[in-house]
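Notes follow the structure.
The values are calculated or read from the model by the stated rules, or taken from the named source; none is laboratory data. As the structure is a computational prediction, the values presented were derived from the model and not from experiment. Backbone-built Cβ (ideal geometry, glycine too); neighbour counts: all protein chains shown. The area values use the complete protein model at the heavy-atom level, side chains included, leaving out ligands, DNA and RNA. Shrake-Rupley method; radii C 1.70, N 1.55, O 1.52, S 1.80 Å.
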Amino acid sequence: MITRPRGRAPRAGCSQLLQLKIDEKGTRLGEKSWGASTVLSRAMGTMRSLRFISAEALVSHPQVARQSLDSVAYNLYPLLFKASYLLEQAEVTRAVLGRWPLEEFRLGALLGPSADHPQDLRDRACRACLEALVRGLADHVLQDRSRRRLRVADLTGIRDVQVQRCPCGRALGKWGRTRLLARTCCELQAEPLAAERPVEVLADLFVTEGNFEAVVQALRPAGPAPLRVHCPSFRADSLSPSQLLHVLRLAGPGALRKLEVVHNVRLHAGHVQQLLAQVGFPRLASLTLPTKAFDAPPTCASTPDGEDRLLASIARELSKMTQLTELSVAFSRLTGKIPTLLGPLQTPLRVLDLANCALNHADMAFLADCAHAAHLEVLDLSGHNLVSLFPSTFFRLLGQAARTLRILTLEECGIVDSHVGMLILGLSPCHRLRQLKFLGNPLSARALRRLFAALCELPELRCIEFPVPKDCYPEGAAYPQDELAMSKFDQQKYDEIAEELRAVLLRADREDIQVSTPLFGSFDPDIQETSNELGVFLLQAFKTALENFSKALRQIE
């Protein structure tokens, strides 16, 4: 594994760890070499290559590893990086990045499955390793120019999950990674040596009030910068509209692929139109807008003909995004406006979230017959009484999407026992469906058993999120709609029914389907990470609302 340049003596201890010399009988030739049976059994047990096992052996001795890096073949650096990440040897991770000999470093590809090591490490957002990685990147740009070869550092590809599988169990989420990178960029901007040859850094940014200033400085350096940050994905929360516009202009909107503006960014339709028209996102593929983003501005007067010219302008801007395939506008009142909003789009949508948008018959009829229907892979229509109010158009929409639909969310849609038969018929053609989520619907245990039996016929289904059966609440009581009331149910009865539903799956030989009832929603790593800042923001907003209310009362008096 180690290659020695001509005329250079080998470093002490290095060959003992890595040469893997084995004689014909499989006996060890050196004190720290492995026998053939040991090596082969380890490799076969985890399907790792001998090269990766050698990399693990070297990385397990951090001091020797750091001393040996100059003698390691360039094509083995990716193995050393993944091995150091796997074993959480942060000091080796930093050293490997500091001396990275290749022109590109792509984190997602390096941590993903490979012929040398099939395990996927992309869901390990290990704090120690990621901090070491960024420090190593800083070390790299600070070294002598003749030793610097890295041109592109792609730090995307990490998946944030609820349970960390890394040994330390401490995660560094997207917001923390953004702050770390931004601070590092700011520190390096004062280094004249590093600015001679900048490294292009690709990173998914998550910006809030808490890291806004550092991100702005990182994206807008006063002079030459050793690290130039480019952003394929951008998430914003707890920012003012002006802050959002400012940071997006700096983030390189021409290359942005995914934009999520969520929760506590208070936008109205005027802000959205300004954002899309003035900033421009020609390559955007995915757009998420916050609650009430299509509400009219306070000063906007309605037109005599009732036309929503602001919405039409927004739709025209969206139509210019010829790569847009994902749109989420949940919790915006769009009654009768779906044809205006989606009609001009140039490309079919694959992902559409219209949860709690107060849709009417015209909206549902448009969805059922539009060009998007036959391409939908992810659809969320939560918060609408679909089967009661729009049975024909809803099931026609399901029929149009059946060949492509993978994820369907129908939470709090007023689905009751008498609707289950129609729902089964509507879902039966959806053979590619992988996830079905229908929390908050007042269904009995009997209806759920019937539905589960039918769902077993969907060959690719892997996940079901089902509601607490109404049998678990007091008889005659209304099915609860708020989270607090919904959580007060008979746990023992729920466990019994859940076991019965799993038995339905087992009898159909469908133990591959995971079932759950996440009462408070699925895990959101971004909300989890910024919950403290979000709480402070909400308290401040509540305080401001009270002050405005008190001021209005005083004016009345």
Applying the selection to the stretch 213-237, what residues are open to solvent by 20 Å² or more (accessible area, probe 1.4 Å) and farther than 16 Å from residue 177 by Cβ?
-> 213, 217, 220, 221, 222, 223, 224, 228
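Mind listing just one residue for me: the one in the stretch 438-488 that is more than 23 Å from residue 423 (Cβ to Cβ) and of a type in the set (A, V, I, L, M, F, W, C) and, of those, modelled with the lowest pLDDT? Talk me through it step by step, then tell me what you get.
Start the filter on the stretch 438-488 by keeping residues that are more than 23 Å from residue 423 (Cβ to Cβ), which leaves 474-477, 482-485, 487-488.
Next cut, of a type in the set (A, V, I, L, M, F, W, C) only: 477, 484-485.
Values: 477: 80, 484: 75, 485: 78.
Among those that are more than 23 Å from residue 423 (Cβ to Cβ) and of a type in the set (A, V, I, L, M, F, W, C), it is 484.
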Can you tell me which residue in the stretch 350-368 is nearest to residue 292 (Cα to Cα), limited to those that are among the small types (Gly, Ala, Ser) and out of contact with any strand residue (DSSP E or B) (no Cβ under 8 Å at 6 or more places or on another chain)?
-> 358
Considering residues of the stretch 72-97 that are touching a residue at least 40 places away in the same chain (Cβ under 8 Å) and in contact with a Pro (Cβ under 7 Å, 6 or more places away or on another chain) only, the residue most open to solvent (accessible area, probe 1.4 Å) | 91
What residue, among those in the stretch 238-256 that are within 18 Å of residue 291 (Cβ to Cβ) and in a loop (DSSP other than H, G, I, E, B), is most open to solvent (accessible area, probe 1.4 Å)?
-> 240
Could we say that residue 143 is in contact with a strand residue (DSSP E or B) (Cβ under 6 Å, 6 or more places away or on another chain), farther than 15 Å from residue 225 by Cβ, at pLDDT below 95 and open to solvent by 10 Å² or more (accessible area, probe 1.4 Å) here?
-> no
Residues of the stretch 316-331 being under 19 Å from residue 267 (Cα atoms) and either in contact with a Phe, Trp or Tyr (Cβ under 9 Å, 6 or more places away or on another chain) or open to solvent by 20 Å² or more (accessible area, probe 1.4 Å) (or both), in sequence order, are 316, 317, 328, 329, 331
Residues located in the stretch 415-433, provided they are of a type in the set (Gly, Ala, Ser) and in contact with a helix residue (DSSP H, G or I) (Cβ under 6 Å, 6 or more places away or on another chain) | 426
Of all residues in the stretch 441-465 being acidic (Asp, Glu) and closer than 14 Å to residue 408 by Cα, the one that is most open to solvent (accessible area, probe 1.4 Å) | 460
Determine, yes or no, whether residue 255 is without any contact (Cβ under 8 Å) to a residue 60 or more places away in the chain and under 19 Å from the mean Cα position of the chain (by Cα).
-> yes
Sort through 382, 428 and tell me the only one that's among the hydroxyl-bearing types (Ser, Thr, Tyr) and buried (at least 19 other Cβ atoms within 10 Å of the Cβ).
-> 382
Could you give me the residue pairs with C-beta distances under 9 Å whose first residue belongs to the stretch 262-279 and is at positive phi, whose second residue is surrounded by fewer than 21 Cβ atoms within 10 Å (Cβ to Cβ) and not charged (D, E, K, R) wherever it lies, and which are 6+ apart or on separate chains?
-> 263/291; 263/527; 263/534; 263/537
